[in-house]
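Where a number appears in this text, it was derived from the coordinates with a stated rule and is not lab data. None of the values given here were measured: they were computed from a predicted structure. Cβ placement follows ideal geometry from the backbone for every residue including glycine, while neighbour counts extend to all protein chains displayed.
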Amino acid sequence: MLVWQHYTERFLKMNRNYSIDIPQSLIKLLKTSKTVVAFTGAGISAESGLSTFRNPIDGLYSKVKVEDVVTPEGFERNPRFVWEFYESRREKVRQVEPNPGHVALAKMEKLLTEFYVITQNVDGLHQKAGSSKVIELHGNIFKNKCFLNNHYIESLDVINEIPPRCPICGSYIRPDIVWFGEFLDLENISLSETVTRDCDVFFSIGTSSVVYPAAGFIVLAKENGATLVEINPEETEKSYLADYIFREKSGAVLPRIVDELMK
Ligand code: OAD
């Protein structure tokens, strides 16, 4: 490659506003698809200011031990610590807004025939951006249930104790999110399976694709004939399955796809 070409490419890659090419074959496919699914992970919320989990520098798991805050055993050992950890995460999530990636997916729901978001995120930013068909595989950080009996707690008006206690059974209240070693909600799994099997195009966006059963939906989509589109600045465990790959931030790629869909 000529030296000037090399430096031009490097300059373009450094400059976030450079135009991202969206293949017209993908746009055509999206316009003729009956069902399209966007499967998202922490990376889609990174541009809103929420850290991902596995980034070695600022990822959540570089700061806390998984077994302390993402397991039922950790909660049993130190309920106050875990409750306060999630209170601080809630506070952080309250402070951020959906970014152009979330907004673009909400627009795609309006532009395409059937469009679902299956998310591993618990931040509620897809709904805040306007998406209405969102399956929250790992729960929602703003919802609560009790530790022993899964009684759902609608509101926590008066907190006399940390963590608060369930008004029905007296066990501790915890966030309604899925921790390691726990089962995912069966209705969510079943709906996700149905739309994944049915879809013509499956986007995998901002996920390292290492956590199961969630990551299994990427394989299921591919096995059932969907065209797989990966949007992630980094290679992932499932990149080898992808038909289209965008090694860019989702907040840059997704609005470009919407632009093309609207032409
Ligand atoms: P990870 O932290 O494992 O992966 C985040 C991915 O986002 C990485 O592949 C990054 O390269 C990518 N990424 C970063 N910035 C991006 C951007 N601007 N645009 C697009 N991609 C970007 O997070 P998840 O895959 O979501 O589960 O993790 C899956 C599950 O592991 C989480 O739901 C959580 C965690 O343990 C539970 O808590 C049960």
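Of all the residues in the stretch 39-70, those that are of a type outside the set (A, V, I, L, M), within 23 Å of Glu248 (Cβ to Cβ) and not in a helix (DSSP H, G or I) number 14.
Looking at Val96, Val69, Val103, can you tell me which residue is crowded, with 18+ Cβ neighbours inside 10 Å, in contact (Cβ under 8 Å) with a residue 40 or more places away in the chain and among the hydrophobic types (A, V, I, L, M, F, W, C)?
Working: Val96 fails: crowded, with 18+ Cβ neighbours inside 10 Å; Val69 fails: in contact (Cβ under 8 Å) with a residue 40 or more places away in the chain.
Of Val96, Val69, Val103, the one residue that is crowded, with 18+ Cβ neighbours inside 10 Å, in contact (Cβ under 8 Å) with a residue 40 or more places away in the chain and among the hydrophobic types (A, V, I, L, M, F, W, C) is Val103.
Scanning the stretch 214-238 for residues that are assigned to a loop (DSSP other than H, G, I, E, B), over 14 Å from the mean Cα position of the chain (by Cα) and of a type outside the set (Val, Ile, Thr), which turns out farthest from the ligand (Cβ to nearest atom)?
So the first thing to find is which residues in the stretch 214-238 are assigned to a loop (DSSP other than H, G, I, E, B), and the list is 214-215, 224-226, 232-238.
Retained after the next criterion (residues that are over 14 Å from the mean Cα position of the chain (by Cα)): 224-226, 233-238.
After this cut, where a residue has to be of a type outside the set (Val, Ile, Thr) as well, the list is 224-226, 233-235, 237-238.
Values: Asn224: 22, Gly225: 24, Ala226: 19, Pro233: 5, Glu234: 4, Glu235: 8, Glu237: 9, Lys238: 10 Å.
By that ranking, first place goes to Gly225.
Of all positions in the stretch 249-258, none carries a residue that is more than 9 Å from the ligand (Cβ to nearest atom), of a type in the set (Ser, Thr, Tyr) and in contact (Cβ under 8 Å) with a residue 12 or more places away in the chain. Of everything listed in (1) away from the ligand (no atom under 15 Å from the Cβ); (2) in a loop (DSSP other than H, G, I, E, B), the single unmet condition for Val210 is (1).
Which residue is farthest from the ligand (Cβ to nearest atom), if the candidates are limited to the stretch 128-147 and must be farther than 24 Å from Ala215 by Cβ and charged (D, E, K, R)?
Quick first cut of the stretch 128-147, residues farther than 24 Å from Ala215 by Cβ only: 128, 130, 132, 142, 144-147.
Narrowing the set further to residues that are charged (D, E, K, R) leaves 128, 145.
Working: Lys128: 17, Lys145: 15 Å.
Going through the qualifying residues, I end up with Lys128.
All conditions but one from (1) buried (at least 20 other Cβ atoms within 10 Å of the Cβ); (2) out of contact with any Ser or Thr (no Cβ under 9 Å at 6 or more places or on another chain); (3) under 20 Å from Ala252 (Cα atoms) apply to Ile141; the one that does not is (3).
Return yes or no: is Pro167 outside any strand (DSSP E or B) and touching a strand residue (DSSP E or B) at 6+ places or on another chain (Cβ under 8 Å)? Criteria met by Pro167.
Scan the stretch 106-138 for residues that are buried (at least 17 other Cβ atoms within 10 Å of the Cβ) and of a type in the set (D, E, K, R) and report the count. Looking only at that region, the number is 4. Considering only the stretch 34-61, state which residues are surrounded by fewer than 21 Cβ atoms within 10 Å (Cβ to Cβ), more than 10 Å from the ligand (Cβ to nearest atom) and of a type in the set (Gly, Ala, Ser). Within the stretch 34-61, Gly49 is the sole residue that qualifies.
If you go through the stretch 135-150 one residue at a time, do you hit one that is without any contact (Cβ under 8 Å) to a residue 12 or more places away in the chain and farther than 30 Å from Leu30 by Cα? Yes: the stretch 135-150 contains one or more residues that are without any contact (Cβ under 8 Å) to a residue 12 or more places away in the chain and farther than 30 Å from Leu30 by Cα. Taking the stretch 106-123 as the range and being more than 13 Å from the chain's Cα centre (by Cα) and touching a residue at least 24 places away in the same chain (Cβ under 8 Å) as the test, the residues that pass are Ala106, Lys107, Met108, Glu109, Leu111, Leu112, Thr113, Glu114, Phe115.
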